[in-house]
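K.L.:
My structure is below; once you've seen it, I'll send some questions.
Bear in mind that the values in this text are calculations on the coordinates, not laboratory data. Since we're looking at a predicted model, the values are computed, not measured. Because the Cβ atoms are built from the backbone with ideal geometry, glycine has one as well, and the counts that use them run over all protein chains shown.
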Amino acid sequence: MKQPDSSPIRHDWSLEEIEGIYTLPFPELIFRAQSLHRRHHCAEEVQGCSLLSIKTGGCPEDCGYCPQSARYDTEVAGQKLLNPEQVLESAREARRQGATRFCMGAAWRQAPEGEEFDNVLAMVRGVRELSMEACCTLGMLSQPQAEALAAAGLTAYNHNLDTSPEFYGRIITTRTYRDRLETLERVRDAGISVCCGGIIGMGESPRDRWRLLEELATQDPHPESVPINLLVRVEGTPLADREAVDPFEMVRMIATARILMPEAMVRLSAGRLSLSDEAQALCLLAGANSVFMGERLLTTPNPQADLDRDLLERMGMRLRAAEIPVGAGRQDLPEN
Ligand code: SAM
Ligand code: DTB
Ligand code: SF4
């Protein structure tokens, strides 16, 4: 049950305030995050999202974490753009498994023009016809592309800031923080909701994490969706040997995001395979209200659907149900 809220949504957070929240004693941090979470969301529910790589590998960018960059020797097998029917089959399966949001990722520096882009628009229309939320992450966008995606019914566009502006250049050199902010502005101007977050575990300092949160939480409006990823260390990428982060840092990151941006969907995204069930449970208690379901993220493994169901059941929680459109048949809806 949601509870009434009296505290205003703020967009003027200072770095000192953010540090103060992130470093609170754990009981106080979790209490504050839980209190806000309950006012703005249903604390027993988690949204299930499904990810599909619609175009894989061979990317010209040099993002140090990414197995899909053509610059690194990884085991990712390249795959050209899937056709809309293949993608929709995958979306139907995700819906049967209980996902209500379907995210399509492409290893592009920027969304292409022409036939490929038209195919992406067809995918978006198809996913929306299944009454699922549709999200895309295709790299940088022009304004007309953002408008076309909006017209096709795209719910959200994912484009992460990844880290602080100061640390960013140590991870990516082929496009700037400014480039990213500009794409986000185009998405916002087109009326698409913004999905924007970052990654921890890349060797950044705590201050870099606070700066990332500051960049996100001083946007007005806040991003509607904030994915928090724990680096998946992939063999062959420059970040493969980064030290593992303490799972409590992930919990602190999520709790702080929840407190700063109470209305956002905070998504416990990549990296769940390196978190114990108990650490994931803490992330959910700290205010994460969405997970990626399915055996695969884009190119790396993710906990299997039955493991997720088991965890939610043990916690007495549930997946957020699909909103059933009037007149829709039940045959394609989740089994549980
Ligand atoms: N090519 C597009 C782009 O970069 O904008 C879209 C796909 S890209 C894979 C989407 C996001 O996935 C990245 O911004 C990054 O935050 C996240 N990501 C990629 N590889 C990751 C990894 N190994 N661990 C955690 N997150 C990762
Ligand atoms: C996001 O923030 N995390 C997702 C989604 N947005 C596109 C991607 C995670 C990718 C993890 C590495 C891989 O599977 O290739
Ligand atoms: Fe390319 Fe996106 Fe991977 Fe960067 S994160 S290398 S842009 S696919």
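K.L.:
Does V232 fit the bill of being in a loop (DSSP other than H, G, I, E, B) and under 30 Å from R32 (Cβ atoms)?
P.N.:
yes
K.L.:
On to the next question. Hey, can you tell me all the residues within the range 180-195 that are part of a helix (DSSP H, G or I), more than 13 Å from Q219 (Cβ to Cβ) and in contact with a helix residue (DSSP H, G or I) (Cβ under 9 Å, 6 or more places away or on another chain)?
P.N.:
T183, R186, D189
K.L.:
Is it the case, given these coordinates, that R96 is over 29 Å from S164 (Cβ atoms), of a type in the set (K, R) and either touching a strand residue (DSSP E or B) at 6+ places or on another chain (Cβ under 7 Å) or in contact (Cβ under 8 Å) with a residue 24 or more places away in the chain (or both)?
P.N.:
Yes: the conditions hold for R96.
K.L.:
Continuing with this model, one more query. Which condition from (1) closer than 24 Å to R207 by Cα; (2) under 14 Å from the mean Cα position of the chain (by Cα) is the one that L260 breaks?
P.N.:
(2)
K.L.:
Can you confirm whether the range 233-249 contains a residue that is away from ligand 1 (no atom under 16 Å from the Cβ), surrounded by fewer than 21 Cβ atoms within 10 Å (Cβ to Cβ) and in contact (Cβ under 8 Å) with a residue 12 or more places away in the chain?
P.N.:
yes
K.L.:
Which of the residues belonging to the range 14-60 are under 30 Å from E116 (Cβ atoms) and of a type in the set (G, A, S)?
P.N.:
G48, S50, S53, G57, G58
K.L.:
Give the residues of the range 178-232 that are crowded, with 21+ Cβ neighbours inside 10 Å, more than 13 Å from the chain's Cα centre (by Cα) and among the small types (G, A, S), sorted by residue number.
P.N.:
Result: G201, A217.
K.L.:
If V120 satisfies all but one of (1) within 16 Å of ligand 3 (Cβ to nearest atom); (2) β-branched (V, I, T); (3) without any contact (Cβ under 8 Å) to a residue 40 or more places away in the chain, what's the number of the condition it fails?
P.N.:
Of everything listed in (1) within 16 Å of ligand 3 (Cβ to nearest atom); (2) β-branched (V, I, T); (3) without any contact (Cβ under 8 Å) to a residue 40 or more places away in the chain, V120 misses just condition (3).
K.L.:
Counting only residues that are in contact with a strand residue (DSSP E or B) (Cβ under 6 Å, 6 or more places away or on another chain) and under 18 Å from W210 (Cβ atoms), how many does the range 145-169 have?
P.N.:
Qualifying residue count, the range 145-169: 4.
So that you can scan it fast, the table gives a plain yes or no per residue for (1) more than 16 Å from ligand 1 (Cβ to nearest atom); (2) of a type in the set (D, E, K, R):
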{"position": "R38", "(1), (2)": "yes, yes"}
{"position": "A43", "(1), (2)": "yes, no"}
{"position": "L51", "(1), (2)": "no, no"}
{"position": "I54", "(1), (2)": "no, no"}
{"position": "G58", "(1), (2)": "no, no"}
{"position": "P67", "(1), (2)": "no, no"}
{"position": "R71", "(1), (2)": "no, yes"}
{"position": "A77", "(1), (2)": "no, no"}
{"position": "A107", "(1), (2)": "no, no"}
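K.L.:
A further question on this structure: Here are I254, I199: which of them is of a type outside the set (K, R), more than 16 Å from ligand 3 (Cβ to nearest atom), in contact (Cβ under 8 Å) with a residue 60 or more places away in the chain and under 23 Å from C103 (Cα atoms)?
P.N.:
Answer to the check: I254.
K.L.:
List the residue pairs whose Cβ atoms are under 9 Å apart, where the first residue sits in the range 137-154 and is more than 11 Å from I192 (Cα to Cα) and touching a residue at least 24 places away in the same chain (Cβ under 8 Å), the second is part of a loop (DSSP other than H, G, I, E, B) and more than 14 Å from ligand 1 (Cβ to nearest atom), and the two are 6 or more positions apart or on different chains.
P.N.:
Once the first residue is more than 11 Å from I192 (Cα to Cα) and touching a residue at least 24 places away in the same chain (Cβ under 8 Å) and sits in the range 137-154, its partners that are part of a loop (DSSP other than H, G, I, E, B) and more than 14 Å from ligand 1 (Cβ to nearest atom) give L141/A190; S142/E113; Q143/A190; Q145/E113; Q145/A190.
K.L.:
With the checklist (1) away from ligand 3 (no atom under 16 Å from the Cβ); (2) in contact with a Leu (Cβ under 8 Å, 6 or more places away or on another chain); (3) within 18 Å of S53 (Cα to Cα) in hand, flag the one item R296 doesn't pass.
P.N.:
R296 satisfies every listed condition except (1).
K.L.:
Give the number of residues within the range 91-105 that are in contact with a Gly (Cβ under 9 Å, 6 or more places away or on another chain) and either of a type outside the set (A, V, I, L, M) or within 12 Å of I54 (Cα to Cα) (or both).
P.N.:
The number of residues fulfilling the criteria is 6.
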